[in-house]
1. Could you count how many residues in the stretch 25-40 are without any contact (Cβ under 8 Å) to a residue 12 or more places away in the chain and surrounded by 11 or more Cβ atoms within 10 Å (Cβ to Cβ)?
2. Within the bounds of the stretch 3-21, is there any residue that is in a loop (DSSP other than H, G, I, E, B), modelled with pLDDT under 75 and surrounded by 15 or more Cβ atoms within 10 Å (Cβ to Cβ)?
3. So which of Glu55, Glu41 is closer than 18 Å to Glu7 by Cα and charged (D, E, K, R)?
4. Are any residues in the stretch 19-40 basic (Lys, Arg) and either under 18 Å from Ala81 (Cβ atoms) or under 13 Å from the mean Cα position of the chain (by Cα) (or both), and if so, which ones?
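The values are calculated or read from the model by the stated rules, or taken from the named source; none is laboratory data. Only a predicted model underlies this, so the values are computations on that prediction, with no experimental measurement involved. Virtual Cβ from ideal backbone geometry, glycine too; neighbours counted across all protein chains shown.
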Amino acid sequence: MPFNSFEDIEKSLVADHTFYDKETIVAQLALVIEKLYKESEALFWQKMYVIDIKEDKIRKALLLPDYATAIATMVYDRQYAKMLSRKNSSFNKPSNQLDDPDLKW
(Lines give C-alpha, C1' and ligand atoms only; values in the text may rest on other atoms or scores of the structure.)
Protein backbone atom coordinates (compact mmCIF):
# COMPACT_ATOMS: atom_id res chain seq x y z
CA MET A 1 0.00 0.00 0.00
CA PRO A 2 1.68 3.24 -1.08
CA PHE A 3 1.75 6.17 1.32
CA ASN A 4 1.80 9.85 0.42
CA SER A 5 2.93 11.31 3.72
CA PHE A 6 4.39 10.50 7.13
CA GLU A 7 0.88 10.93 8.51
CA ASP A 8 -0.45 8.24 6.13
CA ILE A 9 2.16 5.81 7.41
CA GLU A 10 1.31 6.60 11.02
CA LYS A 11 -2.45 6.24 10.42
CA SER A 12 -1.91 2.90 8.70
CA LEU A 13 0.17 1.51 11.54
CA VAL A 14 -2.32 2.68 14.14
CA ALA A 15 -5.37 1.55 12.16
CA ASP A 16 -4.53 -2.07 11.47
CA HIS A 17 -1.71 -2.85 13.90
CA THR A 18 0.18 -4.57 11.11
CA PHE A 19 3.90 -5.03 11.60
CA TYR A 20 6.14 -4.51 8.59
CA ASP A 21 9.77 -5.48 8.12
CA LYS A 22 12.47 -2.83 7.84
CA GLU A 23 12.78 -3.14 4.06
CA THR A 24 9.06 -2.53 3.54
CA ILE A 25 9.03 0.48 5.84
CA VAL A 26 12.17 1.95 4.25
CA ALA A 27 10.73 1.46 0.76
CA GLN A 28 7.52 3.27 1.70
CA LEU A 29 9.41 6.02 3.52
CA ALA A 30 11.63 6.49 0.47
CA LEU A 31 8.58 7.23 -1.67
CA VAL A 32 7.33 9.82 0.83
CA ILE A 33 10.78 11.36 1.25
CA GLU A 34 11.34 11.68 -2.49
CA LYS A 35 7.93 13.29 -2.97
CA LEU A 36 8.42 15.62 -0.01
CA TYR A 37 11.89 16.71 -1.15
CA LYS A 38 10.69 17.43 -4.68
CA GLU A 39 7.53 19.26 -3.62
CA SER A 40 8.79 21.24 -0.62
CA GLU A 41 12.47 21.25 0.20
CA ALA A 42 11.85 23.57 3.17
CA LEU A 43 9.30 21.18 4.68
CA PHE A 44 11.65 18.27 3.99
CA TRP A 45 14.44 19.96 6.00
CA GLN A 46 12.00 20.83 8.77
CA LYS A 47 10.92 17.18 9.08
CA MET A 48 14.54 15.98 9.10
CA TYR A 49 15.35 18.47 11.84
CA VAL A 50 12.42 17.28 13.96
CA ILE A 51 13.42 13.65 13.44
CA ASP A 52 16.97 14.69 14.44
CA ILE A 53 19.05 13.52 11.53
CA LYS A 54 22.33 15.33 11.02
CA GLU A 55 22.32 17.76 8.11
CA ASP A 56 25.74 16.71 6.84
CA LYS A 57 24.60 13.08 6.55
CA ILE A 58 21.52 14.15 4.63
CA ARG A 59 23.55 16.36 2.28
CA LYS A 60 25.88 13.44 1.52
CA ALA A 61 22.91 11.15 0.90
CA LEU A 62 21.34 13.69 -1.46
CA LEU A 63 24.33 13.21 -3.78
CA LEU A 64 23.49 9.52 -4.22
CA PRO A 65 21.35 8.27 -7.12
CA ASP A 66 18.98 6.57 -4.65
CA TYR A 67 19.06 9.36 -2.07
CA ALA A 68 15.49 8.72 -0.90
CA THR A 69 16.27 5.16 0.20
CA ALA A 70 19.46 6.28 1.96
CA ILE A 71 17.58 8.98 3.86
CA ALA A 72 14.66 6.64 4.58
CA THR A 73 17.13 4.20 6.14
CA MET A 74 18.51 7.02 8.32
CA VAL A 75 14.98 7.95 9.40
CA TYR A 76 14.13 4.34 10.21
CA ASP A 77 17.36 3.79 12.16
CA ARG A 78 16.94 7.05 14.10
CA GLN A 79 13.33 6.34 15.01
CA TYR A 80 14.20 2.75 15.98
CA ALA A 81 17.02 3.99 18.22
CA LYS A 82 14.64 6.47 19.89
CA MET A 83 12.10 3.71 20.46
CA LEU A 84 14.71 1.46 22.09
CA SER A 85 16.01 4.30 24.21
CA ARG A 86 12.53 5.12 25.47
CA LYS A 87 11.73 1.47 26.06
CA ASN A 88 14.88 1.00 28.13
CA SER A 89 14.57 4.31 29.96
CA SER A 90 14.11 4.22 33.72
CA PHE A 91 11.26 6.71 33.27
CA ASN A 92 9.22 3.93 31.68
CA LYS A 93 9.77 1.49 34.52
CA PRO A 94 7.55 1.47 37.59
CA SER A 95 9.40 2.90 40.57
CA ASN A 96 9.52 -0.51 42.25
CA GLN A 97 11.52 -1.91 39.30
CA LEU A 98 14.36 0.59 39.39
CA ASP A 99 17.70 -1.00 40.09
CA ASP A 100 19.16 1.84 42.12
CA PRO A 101 17.33 2.38 45.44
CA ASP A 102 18.59 5.97 45.57
CA LEU A 103 16.72 6.76 42.38
CA LYS A 104 13.32 5.63 43.67
CA TRP A 105 11.09 8.59 44.43
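1. Qualifying residue count, the stretch 25-40: 1.
2. Yes, the conditions are met somewhere in the stretch 3-21.
3. Glu41
4. Lys22
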